[in-house]
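The values are calculated or read from the model by the stated rules, or taken from the named source; none is laboratory data. The structure presented is a predicted model; accordingly, all values stated were derived computationally and were not measured. Here the Cβ positions follow ideal geometry from the backbone for every residue, glycine too, while neighbour counts run over all protein chains shown.
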Amino acid sequence: MTLAEFRNVSFAYPAPEERRARAFELRDVSFAITSGEILGVIGPNSSGKTTLIRLLTRVLEPASGEIRLEGVPVGRMSRTDLARRIAVVPQGILPQFPFTVGELVLMGRYPHDPGRYFESPRDRAVARDAMAATGVLEVADMPVEHLSGGERQRAVIARALAQEPQLLILDEPTAHLDLRYQVEAAALLRRLNRQRGMTVLLVSHDLNLAAEVCDRVLVLSGGRPTALGPPEAVLDEALLASVFGCAVIVDKNEATGRPVIRLTWRSDSAEAESGRANPER
């Protein structure tokens with residue numbers, strides 16, 4: 001079943017004052033997010049990944065086309081109503097934040113009754129469940145600023161889960177995490193998807209993360225979709241080289257069967273040797 005859908009959506013930012021700079025635009029973007037899947041969105045810088053998130057959450061409005069959530073145009077939904085259905089885990093780790101983990105997670109309940117001043121027993125139960133699911137329940141009384149980077153990221157995901165969304169959007173969830181926490185983040189996404197049936201839109205520069213956890217991958221380039229399909233079909237050496245402008249090698253993870261992407265380049269010494277061997281080049 002289709003949960004969210006982009007139908008021929010276009011959008012352009014205002015042209016910058018510098019004449020040589022070109023305004024970015026999305027053109028005729030069409031794709032659907034299937035309920036229960038993890039859909040990855042990858043592409044180089046300025047390809048439109050973050051703009052897609054802003055359009056889906058009504059931070060931006062499309063110039064043309066339509067975005068639907070469960071068949072209803074999002075333009076007809078209030079932002080509070082949309083926040084009950086879509087939760088976003090933003091890029092980056094929270095800076096100094098004068099609240100505890102438990103208080104942060106309870107903030108995710110706000111869209112369900114924005115006029116209320118105090119949380120209800122259900123709010124506390126949902127927040128507790130979200131913290132348990134993300135492994136931060138034992139640090140619920142700890143100030144957020146005292147947590148490690150990985151713990152902060154899990155606390156922010158817990159806040160998003162407390163919204164009880166139908167769609168969880170993650171913008172570069174491993175960008176500032178070391179290797180251990182990257183692995184933990186990948187495992188958490190899989191667990192939320194498999195155990196809770198959580199639909200996830202994962203925006204990432206990490207091609208290997210997308211390859212490992214996503215059911216399908218959407219490749220953006222220059223504001224337009226270039227490919228959409230299973231990782232093993234989409235993450236092709238020729239396509240990735242064309243989109244990212246550099247050579248890659250795509251291998252196979254023997255344990256999972258998923259693609260593994262490696263950069264490849266020639267060292268300066270190899271270039272020099274090649275030049276001496278081919279002086280007329």
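Observations, loosely collected:
- Check on Q166, surrounded by 15 or more Cβ atoms within 10 Å (Cβ to Cβ), in contact with a Pro (Cβ under 9 Å, 6 or more places away or on another chain), in contact (Cβ under 8 Å) with a residue 12 or more places away in the chain and under 30 Å from A32 (Cα atoms): no
- Pairs are defined by a Cβ separation below 8 Å, a sequence spacing of at least 6 or placement on different chains, a first member in the range 125-145 that is buried (at least 17 other Cβ atoms within 10 Å of the Cβ), and a second member that is among the aromatic types (F, W, Y); the pairs so defined are V144/F97; V144/F99.
- Pairs linking a residue in the range 106-124 that is closer than 15 Å to A83 by Cβ to a residue that is at pLDDT below 90, with Cβ atoms under 7 Å and 6 or more positions apart or on different chains, are L106/E119; R109/E119.
- Selection within the range 224-251 - in contact (Cβ under 8 Å) with a residue 60 or more places away in the chain and either of a type in the set (D, E, K, R) or touching a Ser or Thr at 6+ places or on another chain (Cβ under 7 Å) (or both): R224, V243
- From the list L161, L207, the lone residue that is buried (at least 20 other Cβ atoms within 10 Å of the Cβ) and more than 21 Å from G36 (Cβ to Cβ) is L207.
- Extreme residue, modelled with the lowest pLDDT, among residues of the range 169-197 that are in a loop (DSSP other than H, G, I, E, B) and under 21 Å from T50 (Cα atoms): H176
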